[in-house]
Every structure is written in structure tokens, then in C-alpha cells.
Amino acid sequence: MQTLLSVANLQTHFETPQGVVQAVNDVSFQLKKGEILGIVGESGSGKSVMAQSLMRVVPESNLSKISGEVYFNGIDLMTLSPKQMQNVRGSSIAMVTQNPSTSLNPVFTVQDQLLETLKFHPQQKFKNPKERMLQLMTEVQLPSPELIAKRYPFQLSGGMKQRISIAMALMCEPELLIADEPTTALDVTIQAQILELIKNIRNTHGTSIIFITHDLGVVAQLCDTVGVMYAGQLVEYNTVEEIFKHPRHPYTQALLASNPVFGKKQTSLKAMKGQPPQLTQLGAGCAFADRCEQALPLCHHTKTDLIRLENHYHHRCSIPTLSGLPSL
């Protein structure tokens with residue numbers, strides 16, 4: 001498959017009174033056309049900031065500094081002007097957020113907001129914008145699209161609002177969809193429907209997807225490749241099969257050991273000790289060293305560079321991996 005997105009050495013730092021927050025620290029990966037990449041990790045690991053950095057929507061008021069290379073269809077997004085980047089957002093790259101209520105304006109109808117997307121991207125030509133809108137509303141499995149289009153967001157359920165957010169993201173036929181924990185605020189039945197919908201989007205439109213989540217079970221059933229983030233770094237990046245069957249980084253192993261495995265009897269789960277480090281106080285060594293049961297003395301003060309694997313995959317640990325870990 002052809003590469004759609006290539007990220008190299010992406011860094012996003014924030015200046016705060018407590019020091020520099022290294023929210024995204026030297027992240028590199030590739031995304032093929034039609035591929036679903038899952039990004040997992042604990043809260044505060046940098047998953048959402050990484051996605052926002054790709055789209056360059058990190059607030060400048062936070063004294064942020066973004067660097068690195070983000071090639072999308074061969075063009076480095078980091079070199080584009082704000083106006084050029086504005087044309088990319090929505091038309092080529094779109095995002096669905098965790099809470100659809102924050103994405104939708106309560107004082108405008110659903111129809112007004114969906115059609116407004118095309119007004120911001122006049123280069124996207126559709127003979128009948130309203131027909132396009134109703135087609136997408138049907139595709140995301142909204143009942144009675146014409147009736148719902150006339151309603152306001154506060155008149156709809158959370159699941160309906162999330163479907164509308166997805167339809168809005170697809171209005172301009174983007175090549176890349178970033179879904180930032182889109183099912184977290186929904187009940188399990190609606191979650192399953194939204195996940196099936198995302199699969200259909202990839203299969204129907206060939207859309208590449210970056211799916212951010214903390215749910216390893218979702219990753220196992222939805223994604224092709226996985227990136228595991230910890231303390232702003234991508235500590236392991238590989239195929240779903242390799243991540244779940246042969247995890248190489250101790251943090252990935254600990255995540256798997258602390259999650260229940262469907263179809264496997266487990267009397268207890270192994271909790272991960274300690275807490276993630278403060279991103280203003282990262283030392284020269286591995287950020288996971290203080291919580292790692294396999295850590296060597298050098299892990300605490302020696303930087304671990306990327307260890308390349310087959311193709312473009314990699315991890316950030318040279319300690320031999322454990323065997324017999326649970327897999328999903």
C-alpha cells in the first residue's frame with residue numbers, strides 16, 4: 001500500500017511556570033492508504049496532543065513549540081502557511097473528538113452545520129450539497145435524516161450527535177480521519193455500532209484512520225497497526241498481531257497484563273505499579289524505568305534510541321522481552 005502520512009521526529013513542547021512540558025517527544029510513524037492505526041496509552045501520555053499537532057491546532061496561547069516533519073501526500077504540513085493549513089483541515093484531514101457536544105453548535109440546526117463545512121472548502125464541488133448531506137446521514141445510520149437535519153444538537157442523543165460529527169468530518173471526503181476516543185462517552189451498545197461504522201468508512205471510502213483509545217480490546221478488533229505512547233513518546237509501533245503476541249517494550253507488556261483477555265480464564269489482573277512521570281521532569285533515561293520491573297541501572301540515565309524492526313516498525317527498549325504474556 002502507498003504511504004499517505006509519514007511523521008518523523010515530531011515534538012510538541014509547552015512552556016509553563018513549572019518548566020517545559022514535553023507533551024510529544026520525538027514521535028515517528030507511517031500510515032498507509034486505507035490503514036487503521038490505533039494509538040494507545042494511559043491518560044496524559046500525549047495521544048491527543050500528538051493528533052492536534054499533526055493538524056496544527058495546538059493553541060499558540062500555550063507558548064507551544066512544534067517541530068519535526070509531517071508529510072501528507074508528499075507535502076510537509078509543517079511548512080504550510082496558516083491559510084494553506086486551514087484548507088487542508090476538513091477537506092483532506094478531518095477529526096472526530098471524544099465529546100460530540102463540544103463539536104456541534106447548540107444554536108444551529110444539524111443541516112446548517114453540515115452544509116457550513118462545504119462553505120469553508122469551496123474547492124470541494126458537489127452538484128447538490130443537501131443531497132450529499134442526506135447521503136452521509138444515511139450512511140452513518142441516522143434514522144429519518146431529513147427530520148434530524150432540522151433539529152438542534154440538544155434535541156439528539158449522544159450516539160446521534162457522534163454520528164453527526166462523523167458525517168460532518170466526511171462531508172469533504174477527507175483521505176485521513178483522526179478519531180480521538182470517539183466512543184468513550186457512549187454506552188457499550190452504541191460503542192459497538194460506532195466501531196462498525198468506522199470499519200465501514202474505511203471499507204467503503206478507503207479512508208485512512210488514526211484511532212486514539214485507551215481500550216486494547218477495541219484496538220484488537222479494529223486496527224491494523226498500533227502505536228503505544230508513554231510520557232510523550234511512541235515506545236512501540238508495530239502490527240496488531242505483533243503487539244499482542246510479541247510485545248517488546250515493558251510498558252506494552254504491562255498494559256496487556258493489566259487488561260482482561262476475552263475467552264481466557266484469569267483469577268486476577270496485574271496492576272501496573274507507580275504513576276506516569278511529570279512531563280516537566282523527564283530525565284535522560286527511559287521514562288518508564290521507575291515503573292519497570294526489568295529495568296537495568298543504565299535505563300535510568302541512558303537515552304534509548306529507536307530500535308528498528310522489519311519495514312518501518314520500531315520500539316524503544318533493548319531489554320529482552322518476557323514470554324507467556326496475555327494476548328487478545
Determine how large the accessible area of residue 286 is when every protein chain is in place; take a 1.4 Å probe and give Å² rounded to the nearest 10. 40 Å²
Approximate shape of the range 22-179 as ellipsoid semi-axes (Cα gyration tensor, √5λ), whole Å, largest first: 29, 18, 15
Residue 269 and residue 120 label points (each 7 Å along its Cα→Cβ direction) are spaced in nm at 3.7 nm
Quick shape check on the range 198-267: root eigenvalues a ≥ b ≥ c of the Cα gyration tensor, a/c under 1.5 is rounded, otherwise prolate if a/b tops b/c, else oblate, and it reads oblate
Roll a 1.4 Å probe over the protein chains and send me the accessible area per residue for the range 85-128 in Å². 56 Å²
Report for the chain the percent antiparallel among DSSP-assigned beta bridges with both residues inside it, nearest 5. 60 percent
Taking a point 7 angstrom from the Cα of residue 305 along the C-beta vector, which residues in the range 1-15 have backbone N less than 16 Å away? 9
Please report, in whole Å³, the volume per residue of the convex hull around the C-alpha atoms of the range 1-112. 148 Å³
Sort 269-282, 230-243 for me by packing, meaning the mean count of neighbouring Cβ atoms within 10 Å per residue, highest on top. 230-243, 269-282
Kirkwood Rh and Cα Rg combined as Rg/Rh, the range 96-229: 0.95
List the residues, sorted by chain then number, that are 5 or more residues from residue 32 or on another chain and whose placed amide H is less than 5 Å from its amide H. 4
For residue 130, counting only lysines whose alpha-carbon sits under 16 Å away and dropping same-chain residues fewer than eight positions off, the answer is 119, 150
Measure off, as a whole percent, the carbon and sulfur share of the 1.4 Å-probe accessible area of the chain, all protein chains present. 51 percent
Determine the shape class of the range 124-191: with a ≥ b ≥ c the square roots of the Cα gyration tensor eigenvalues, call it rounded for a/c under 1.5, and otherwise prolate if a/b is greater than b/c, oblate otherwise. oblate
Determine the per residue accessible area of the range 156-222 with all protein chains present and a 1.4 angstrom probe, expressed in square angstrom. 33 Å²
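The values are calculated or read from the model by the stated rules, or taken from the named source; none is laboratory data. None of the values given here were measured: they were computed from a predicted structure. Ideal geometry is used to build each Cβ from the backbone, glycine not excepted, and the neighbour counts take in all protein chains shown. Note: accessible area is taken over every heavy atom of the protein model, side chains too, but ligands, DNA and RNA are not part of it. Shrake-Rupley method; radii C 1.70, N 1.55, O 1.52, S 1.80 Å.
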